[in-house]
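Worksheet: the structure to be examined is printed underneath.
The values are calculated or read from the model by the stated rules, or taken from the named source; none is laboratory data. These figures come from a predicted structure and were not determined experimentally. Virtual Cβ from ideal backbone geometry, glycine too; neighbours counted across all protein chains shown.
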């Protein structure tokens, strides 16, 4: 589910233009991790903030990747957008809040700890200084959209996506959560400017609404 108001606002206007539907890699509602490489510590659990939702977390902290997609994904052009939701609930071994929960997500080319890779989002810049987004660790869900460009932060070939609970975080496994991982070749946050005719219809509808409220 989308949890940010800015995204909901973007969905108010639906433009009559062609756009590519996002490819959902996993929203974790299937109850299994068939879309991912087996043998990892990743688990699907109930969302700690919403009992009707299911999310990914980790029972063991890792390094270099803990869970990989079973299949590769390839951008259809030079631009690509990678999106996901992240929840960090950092605590220390003494239950002191405020430390790094350790969530990290990115891509690599070989489903292992070696090879070409890039971390796209992380809760700290220390292990992954090249991360494109610093994930917020405040006990709330946040939605991220990362622009991938071939030759910049995306390799030319197909990639596996991966995630982990970083081994050098706050020493507590299981407090980093991911959900709604998807890709698209169209920026999901972009809202095209309506055509003049559409603007007139919107203005007329707003005028009727104002008149009715009076």
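From the residues in the stretch 74-89 that are more than 17 Å from residue 56 (Cβ to Cβ) and surrounded by 13 or more Cβ atoms within 10 Å (Cβ to Cβ), which one is modelled with the highest pLDDT?
Restricting attention to the stretch 74-89, the residues satisfying the condition of being more than 17 Å from residue 56 (Cβ to Cβ) are 74-81.
Applying the additional criterion that residues be surrounded by 13 or more Cβ atoms within 10 Å (Cβ to Cβ) yields 75, 78-81.
Values: 75: 75, 78: 81, 79: 86, 80: 90, 81: 93.
Per the criteria, the residue is 81.
Is it true that residue 71 is part of a loop (DSSP other than H, G, I, E, B), at pLDDT 90 or above, over 16 Å from the mean Cα position of the chain (by Cα) and surrounded by fewer than 14 Cβ atoms within 10 Å (Cβ to Cβ)?
Values: part of a loop (DSSP other than H, G, I, E, B): yes; at pLDDT 90 or above: yes; over 16 Å from the mean Cα position of the chain (by Cα): yes; surrounded by fewer than 14 Cβ atoms within 10 Å (Cβ to Cβ): yes.
So residue 71 passes the test.
So which residues in the stretch 121-134 are surrounded by fewer than 19 Cβ atoms within 10 Å (Cβ to Cβ) and either modelled with pLDDT of 80 or more or closer than 21 Å to residue 56 by Cα (or both), if there are any at all?
At the first step, the residues of the stretch 121-134 found to be surrounded by fewer than 19 Cβ atoms within 10 Å (Cβ to Cβ) are 125-126, 129-130, 132-134.
Matches in the stretch 121-134: 132, 133, 134.
Take the residues in the stretch 137-151 that are at pLDDT 90 or above and part of a loop (DSSP other than H, G, I, E, B); name whichever of them is nearest to residue 187 (Cα to Cα).
Among them, the one singled out is 140.
List every residue pair whose Cβ atoms sit under 7 Å apart, with the two residues 6 or more apart in sequence or on different chains, where the first one lies in the stretch 95-120 and is at pLDDT below 80 and the second, anywhere, is surrounded by fewer than 14 Cβ atoms within 10 Å (Cβ to Cβ) and in a loop (DSSP other than H, G, I, E, B).
99/92
Part of a loop (DSSP other than H, G, I, E, B), touching a strand residue (DSSP E or B) at 6+ places or on another chain (Cβ under 9 Å) and at pLDDT 90 or above - does that describe any residue in the stretch 186-204?
Looking for residues that are part of a loop (DSSP other than H, G, I, E, B), touching a strand residue (DSSP E or B) at 6+ places or on another chain (Cβ under 9 Å) and at pLDDT 90 or above, one finds none in the stretch 186-204, hence no.
When the stretch 166-182 is examined, which residues are found to be more than 20 Å from residue 53 (Cα to Cα), buried (at least 22 other Cβ atoms within 10 Å of the Cβ) and at pLDDT 80 or above?
Step one: list which residues in the stretch 166-182 are more than 20 Å from residue 53 (Cα to Cα), which gives 166-173.
Then drop every residue that is not buried (at least 22 other Cβ atoms within 10 Å of the Cβ), which leaves 166, 169-170.
Across the stretch 166-182, the qualifying residue is only 166.
Name every residue in the stretch 74-86 that is touching a strand residue (DSSP E or B) at 6+ places or on another chain (Cβ under 6 Å) and outside any strand (DSSP E or B), in order of residue number.
78
Would you pick out the residues in the stretch 49-60 that are touching a strand residue (DSSP E or B) at 6+ places or on another chain (Cβ under 7 Å) and either assigned to a loop (DSSP other than H, G, I, E, B) or over 17 Å from residue 182 (Cβ atoms) (or both)? Talk me through it step by step, then tell me what you get.
Let us first name the residues in the stretch 49-60 that are touching a strand residue (DSSP E or B) at 6+ places or on another chain (Cβ under 7 Å), namely 49, 53-59.
Within the stretch 49-60, 49, 57, 58, 59 meet the criteria.
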